[in-house]
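Step one of this worksheet: look at the structure below.
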């Protein structure tokens with residue numbers, strides 16, 4: 001899929017120039033008051049701009065994946081409008097996700113404008129790294145603060161097996177490009193899979209240290225119609241114990257604004273993180289919601305309840321109605337998920353690529 005990098009003053013063909021406007025209602029709404037019924041303040045959104053990807057990772061989507069028709073996907077202008085209203089509600093961190101966000105045509109048009117939103121302190125992006133050798137420098141110029149790169153193995157053949165069609169060399173070149181563009185604290189995200197990549201965790205940490213990267217190990221989540229997860233699941237404790245035989249791990253109170261809990265290794269700037277939705281449920285401090293590429297607002301990754309924003313966006317309503325729909329969605333945000341109970345029979349049958357990670 002071809003991409004086109006646009007300068008901020010340019011508008012993609014077929015798009016009217018969009019200037020974010022904060023409605024009087026949003027202006028009167030004190031920053032930081034988007035709060036769910038349990039009193040948790042929502043300051044972080046994950047915005048998927050496409051369900052498409054140039055990989056087919058086994059834990060993320062099926063091999064023969066069906067993607068959304070174009071008219072069911074939010075336009076870039078609609079993505080910007082949703083983000084603007086969230087920022088008006090006190091959201092300070094926005095993560096751009098996919099699928100693979102950088103395969104979306106004219107993605108840079110949106111990213112440049114998100115980077116200019118007043119009040120948005122932390123614009124970040126999650127990518128598989130395949131397009132970074134082309135886009136790292138423009139992303140940095142657009143105001144993206146940090147990049148997360150999915151990397152589950154350093155073995156080219158194994159990488160091809162996990163991603164089905166991916167090229168490890170492109171991802172490694174993307175990591176180098178991110179460093180050359182000036183990105184700091186770039187983080188690798190590694191999904192832990194027993195019998196697939198558990199023999200590489202030590203090597204992945206060494207790779208992170210050698211390249212001044214952070215790394216987070218993620219417990220596999222039971223999303224999508226993929227069976228037998230209990231056989232591949234590895235807990236954070238097991239991996240931490242394995243790593244402790246090779247590195248001195250010192251607990252850290254640092255936070256990147258998400259669910260990862262970090263450890264430090266003396267003599268290194270790299271942070272070793274663990275995201276543990278099974279073994280250490282972090283729902284009590286959840287500060288985030290997810291918006292899919294089709295405008296579904298999921299207050300919880302591990303539940304099926306969602307609010308539909310696309311009809312509101314396309315009804316010709318003003319930002320006050322969109323803002324109210326977002327506020328009302330906080331009423332369906334549950335206290336938490338139960339991924340352990342779903343391990344072999346997932347209640348959430350949408351694939352990870354559909355939700356945006």
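Tabulated results
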read-out: Taking 145, 105 and counting other C-beta atoms within 10 Å, the order from fewest to most; value: 105, 145
read-out: Label-point gap, in nm, between residue 244 and residue 122 - each point 7 angstrom along Cα→Cβ; value: 2.8
read-out: Per principal axis, descending, Cα span of segment 24-355 in whole Å; value: 57, 43, 42
read-out: Solvent-free Debye scattering, log10 I(q)/I(0), computed from the Cα coordinates of segment 230-315 at q = 0.14, 0.17, 0.18 Å⁻¹; value: -0.67, -0.84, -0.89
read-out: Order of 202, 171 - criterion: other Cβ atoms within 10 Å of each residue's Cβ, fewest first; value: 202, 171
read-out: Among beta bridges that DSSP assigns inside segment 24-355, antiparallel share in %, nearest 5; value: 25
read-out: Difference of contour (0.36 nm per residue) and Cα-Cα distance, residue 160 to residue 194; value: 10.5 nm
read-out: Convex hull volume per residue in cubic angstrom - Cα atoms of segment 65-185; value: 112
read-out: Ascending count of other beta-carbon atoms within 10 Å, so fewest first, for 298, 262, 335; value: 335, 262, 298
read-out: Gyration tensor (alpha-carbon) shape descriptor, segment 39-78, a/c threshold 1.5; value: oblate
read-out: Fully extended contour minus Cα-Cα distance, from residue 235 to residue 254, at 0.36 nm per residue; value: 4.7 nm
read-out: Coordinate range along principal axes, alpha carbons of segment 26-113, Å, largest first; value: 46, 30, 21
read-out: Simple label model, 7 Å out from Cα along Cβ direction - residue 63 to residue 38, nm; value: 3.9
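A short reminder: the numbers here are calculations on the coordinates, not readings from a lab. Source: prediction; values computed, not measured. Cβ sites come from the backbone with ideal geometry, for glycine too, and all protein chains shown count toward neighbours.
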